[in-house]
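Chemist: One structure coming up, written as structure tokens, with questions to follow.
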Amino acid sequence: MREGLESAYGELSELEPLIWSDDPAANRLEVLEHYRVHRPYAVNEGGDKGVRFESRDDVVGETLKTQYRPRRDQPIDLGSPRIVRTERLFVFPIKPQITPWRLRFEGPGVHGVSEFRWLDEYKGRHLIEVDVERRIVPVEAVQDYFAFLQKMRASNGVSFDLATNRSGKLKSPSTGATGWKSWLLVLGLVFAFGALRLLLQAA
């Protein structure tokens, strides 16, 4: 996971050691990682002003690897029934103006959720979840599955545009500017990869 994040943001600093727990009785594995991103923002190019922060899922999507084929004439094996959920907590040095959302997508034997909500003025949570209820997608439902997959992949991340002033400092609509040190060093991303459950297939 860390390698994927560093390919997007550059070097990360580990805030706390990796924590994991395995509950065989509940058939549940949970992993928790904490990092600080030193350079989280990319400068907007062209006529846009300000900077951009992006975060893309590289956990949930890995469980849905089937490539789109418009004339597929075979069933799709999604693997063992399971729930895979990733939660990312973003702590910003300013208060961004971002509207929360909750989207739910239904497919044949599978459904997914993409949600963003604010936990307080500066901390937001992005949740992505896929619940595979049935292992096999029959031939007649393959195109419905591909439509579901397209919607999930289109909603697998967040992208925030943040305004800056002439000196390059972030500007908050409610609190004014925040210095370079703050936005380069204070932002911490907490990644909670929870509720990975491999459910037993019904007899």
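Chemist: Going through region 1-37 one residue at a time, which ones are under 17 Å from R82 (Cβ atoms) and surrounded by 12 or more Cβ atoms within 10 Å (Cβ to Cβ)?
Modeler: Hits for region 1-37 are N27, R28, L29, E30, V31.
Chemist: Take the residues of region 97-142 that are of a type in the set (F, W, Y) and modelled with pLDDT of 90 or more: which is surrounded by the most Cβ atoms within 10 Å (Cβ to Cβ)?
Modeler: Applying the filter and picking the extreme gives F116.
Chemist: Which residues, taken from region 149-166, are in contact with a Ser or Thr (Cβ under 6 Å, 6 or more places away or on another chain) and assigned to a strand (DSSP E or B)?
Modeler: Matches in region 149-166: G157, V158.
Chemist: Considering only region 6-38, how many residues are in contact (Cβ under 8 Å) with a residue 60 or more places away in the chain, of a type outside the set (F, W, Y) and within 23 Å of F53 (Cα to Cα)?
Modeler: The number of residues fulfilling the criteria is 7.
Residues checked against (1) out of contact with any strand residue (DSSP E or B) (no Cβ under 6 Å at 6 or more places or on another chain); (2) of a type in the set (V, I, T):
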residue: E30; (1), (2): no, no
residue: D58; (1), (2): yes, no
residue: K65; (1), (2): yes, no
residue: R69; (1), (2): yes, no
residue: R82; (1), (2): no, no
residue: V91; (1), (2): no, yes
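Chemist: While we're here: Give the number of residues within region 70-113 that are more than 25 Å from A26 (Cβ to Cβ) and touching a helix residue (DSSP H, G or I) at 6+ places or on another chain (Cβ under 9 Å).
Modeler: Residues flagged as more than 25 Å from A26 (Cβ to Cβ) and touching a helix residue (DSSP H, G or I) at 6+ places or on another chain (Cβ under 9 Å) within region 70-113 amount to 15.
The values are calculated or read from the model by the stated rules, or taken from the named source; none is laboratory data. As the structure is a computational prediction, the values presented were derived from the model and not from experiment. Cβ atoms come from the backbone with ideal geometry, glycine included; neighbour counts cover every protein chain shown.
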